[in-house]
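To keep things clear, I will list the structure first and then write my remarks on it.
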Amino acid sequence: MGQGPYAAYRIPFTDFNMHDTGVHSSEIHEQGNKVMADAHLAEAYRSSTLRLFTHRLQAISEVPGFERLRDRARAIKCEVIEHLDYYLEQFADNVERRGVKVHWATTAEEACAVVRQIAEQAGAREVVKAKSMVGEEIELNQALEAAGIRPVESDLGEFIIQLAGERPAHIVAPAIHMTRRDVSELFVKHIHSERTEVPERLTAIARRTLREMFAKAGMGLSGANFLVAETGTVVLVENEGNIRFSTTAPRVHVTLVGIEKLIPRFADLGVFLRLLGRSGTGQKLTSYTSLLTGPRHAGEDGPEEMHVVLVDNGRIKTLADPKMREVLYCIRCGACLNTCPVYRKIGGHAYGWVYSGPIGALITPQFVGLQQARELPFASSLCGACREVCPVRINIPDLLLHLRSEAQEEVPLPRPKGSPVRERTSMRLWAWVMNRPRVYALGSRLARWGQWIIARKGWIRRIPFYPASRWTDRRDLPALAPQAFRTLWKELHDGDE
C-alpha cells in the first residue's frame with residue numbers, strides 16, 4: 001500500500017473477516033435469548049434506539065404538515081411501484097444519455113458477476129465501498145474476495161462491522177450494537193492503533209486508515225437512496241462524506257441499487273429528503289446530499305466511467321403479489337426498528353439476515369422465501385408502532401398477519417403434543433367469559449383482590465405458576481388498577497341524564 005503518511009494504519013488483506021453467508025432467520029429465538037441475557041448488548045440496543053426515536057419526535061414536531069408529507073410520499077411510491085416498468089425504462093434511457101452504462105441483474109449472483117467484471121476490466125484490485133444494503137444483500141464482499149479483489153468499507157459503521165466479521169445490526173446504523181470500548185478493541189486488534197474510547201480519536205483513526213484507500217482504489221462503489229426517472233439522477237445521502245470520496249476519487253464508479261428505489265420526478269425529491277433524515281436519525285437533513293448525473297466532463301471532478309447496476313433479486317416476485325408489493329415502498333430509514341419493542345429487545349443480528357426489525361420481517365421472506373424465514377413474521381407484538389412511524393405509511397402489522405397466514409399454509413409446524421387441546425380450551429373459556437359481562441366483572445374483582453400476593457409497587461415481576469410464569473421470565477407486567485374502568489365510568493356519569 002505504499003509508504004505514505006498513513007502506512008502505519010495499513011490493513012493487511014487477510015485481516016478482513018467475512019461474516020458467515022446464508023440466512024439464519026430460523027435461529028431468531030436462540031439469538032434473541034442470547035441478546036436479552038447479555039446486559040451489555042441489551043443496553044447498547046436500548047439506549048441507541050431510544051435516542052434515535054426521541055430525536056425523530058423532536059424533528060417531526062418542527063415540520064408543519066408532516067402528516068401530509070407522509071401521505072404525498074406514499075402516493076408517489078404507489079405511483080412508481082404500480083408503473084415500475086415505465087419508470088425503469090425512463091430512468092435507464094435518461095441516465096444512458098448522460099454517458100452512464102446501465103446493467104440489469106435478475107439475481108444476486110448476476111449482480112456480483114457484473115460488479116466483478118467491471119472491476120476486472122478496470123484493473124482494480126481494491127474497491128472502496130460506500131454503505132450499500134444491496135451490497136450486503138447479495139454478499140458482494142465475499143464475491144469480490146473470492147475473485148482476489150479487496151473490498152474496503154468506507155462508511156464508519158460498515159468499516160467497523162467489516163473488521164468484526166459481522167452483518168449490519170441496523171439498516172441505518174450498522175454498528176449500533178457496539179460501544180466505544182468494543183470499537184477501540186477492534187481497532188487495536190486489526191489496525192494496531194492506540195487504545196482510546198474518545199469518539200473523535202476513534203473517528204480520526206478510521207479516517208487515516210481509509211484516506212489512502214480512496215486515492216489508491218481503482219474502483220468505487222455505492223448504493224443509492226433514490227433514482228430520479230425524469231432526469232436520470234442518482235441521489236445519495238450521508239453524514240460522513242465518505243460516499244463522495246467513493247464516487248469521485250476512483251477512476252470508475254459503480255452504483256448498485258434495487259429497482260424499487262425510483263421516484264418519478266425531480267420535484268418529488270424534496271418530499272423524500274424532508275422525510276428520510278427526520279425519520280431515520282432525527283435530522284432536518286442529512287449532512288451531505290449528492291446528485292450524480294454521469295461521468296466527468298472536461299474540467300470536472302469525478303470518475304471517468306460510471307455504471308448503474310439495477311438489481312431485482314426477488315423484487316419482481318414481490319411486485320407480482322398485490323398484497324405484498326407495498327413492501328417495495330420502503331425507503332430504508334430504519335424508523336420502524338427504532339420504535340419496535342421486539343427489535344429493541346433482541347437486536348438486529350437475531351433476524352438472521354441483512355434486513356432486521358419489522359421491515360426485515362417482511363422483506364426477508366419475500367427475497368429468500370418463507371421456508372428460510374418462516375419465524376420472522378411471528379417476531380412481532382403487532383402493536384402498530386412501526387406503522388405509526390413509517391414515513392410512507394406501510395401497513396406493516398397487516399402484512400405481517402398476511403405472512404403468518406401464508407406461513408401456516410405453506411410451512412406448517414408440528415405442534416407439541418396436547419397443545420391444540422389446551423389452546424382450544426383456553427380460547428373457548430375466554431370467549432365464554434367475554435360474552436358474560438357479569439362473569440367478566442367478577443373475575444376482574446377477584447384478580448384485583450388476589451394480585452396483592454405477587455404485585456409490588458404497581459408491578460407484577462414474577463408469576464409463580466405455568467404458563468403465566470413464561471410471560472414474566474423476560475418482562476414485567478403492570479398490576480391491575482385499583483378501580484375497574486367500568487366503575488370509574490359509572491362514577492363519572494352518575495349525574496348524566
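Values quoted throughout were computed directly from the atomic coordinates according to the rules given, and no laboratory measurement underlies them. Computed from a predicted structure; not experimentally measured. Please note: Cβ atoms are built from the backbone with ideal geometry, for glycine as well, and neighbour counts cover all protein chains shown.
Quick notes on this one:
- For the chain, the dipole from Cβ point charges (+1 on Lys and Arg, -1 on Asp and Glu) about the Cα centre works out to 2140 debye, to the nearest 20.
- Model label sites at ILE453 and ALA298, defined 7 Å from Cα along the beta-carbon direction, differ in position by 9.1 nm.
- Set of aspartates and glutamates near LYS323 by C-alpha distance (under 13 Å), chain-local residues within fewer than 8 positions excluded: GLU82, ASP398, GLU406
- Taking chymotrypsin sites (Phe, Trp or Tyr not before Pro) across region 398-478, the ones in a DSSP loop with at most 13 further Cβ atoms lying within 10 angstrom of their Cβ are PHE465.
- Reachable aspartates and glutamates from LYS77, criterion Cα separation under 12 angstrom, eight or more residues apart if same chain: GLU260, ASP268, GLU326
- Mean separation of Cα contacts under 8 Å, 6 or more apart, over the residue count of region 283-430: relative contact order %: 18
- Top positive-direction residue, dipole computed over the chain with Cβ charges, set VAL35, ALA130, ALA298: VAL35
- For region 137-223, the direction-averaged projected area of the alpha-carbon convex hull comes to 6.0 nm².
- For the chain, the longest principal axis of the alpha carbon atoms and the long axis of helix 357-368 meet at an angle near 60°.
- Short-range pairs are left out: with C-alpha atoms under 8 Å and at least six residues apart, the relative contact order of the chain is 20 percent.
- Shown here for region 13-108: GluC sites (Glu not before Pro) in loop regions (DSSP other than H, G, I, E, B) with at most 11 other Cβ atoms within 10 Å, namely GLU62.
- Alpha carbon centroid spacing (whole Å) that separates region 435-497 from region 171-236: 51
- At most 14 other Cβ within 10 Å, DSSP loop - trypsin sites (Lys or Arg not before Pro), region 52-81: none
- Taking only alpha carbon atoms, the chain gives an Rg to Rh ratio of 1.03, where Rh is the Kirkwood radius.
- If only the Cβ of Lys and Arg carry +1 and only the Cβ of Asp and Glu carry -1, the dipole of region 437-492 around its Cα centre is close to 60 debye.
- Between helix 84-97 and the chain there is an angle of about 20 degrees, using the helix long axis and the longest principal axis of the Cα atoms.
- Translational diffusion of region 301-385, estimated by Stokes-Einstein from the Kirkwood radius over alpha carbon pairs at 20 °C in a medium of 1.002 mPa s, is 150 µm² per second.
- Taking 4.7 Å between beta carbons as the limit, the unpaired Cys residues of the chain are CYS78, CYS112, CYS330, CYS333, CYS340, CYS383, CYS390.
- Taking label points 7 Å from Cα along the Cα-to-Cβ direction, ARG422 and ARG68 give a separation of 5.4 nm.
- Secondary structure note: in the chain, about 30% of the DSSP beta bridges are antiparallel.
- Measuring between alpha carbons in the structure, the pairs from LYS189/LYS317; LYS189/LYS345; LYS345/LYS490 lying more than 32 angstrom apart are LYS189/LYS317; LYS345/LYS490.
- Listed by Cβ neighbour count within 10 Å, with the fewest neighbours leading, LEU276, LEU88, LEU52 appear as LEU88, LEU52, LEU276.
- Angle of helix 419-434 to the longest C-alpha principal axis of the chain, folded into 0 to 90 degrees and rounded to 10: 60°.
- The three principal axes of the C-alpha atoms in region 316-451 carry coordinate ranges of 53, 33, 29 Å, sorted with the longest axis first.
- Stokes-Einstein translational diffusion, region 437-492 - Kirkwood Rh over all Cα pairs, 0.890 mPa s, 25 °C, in µm²/s: 197
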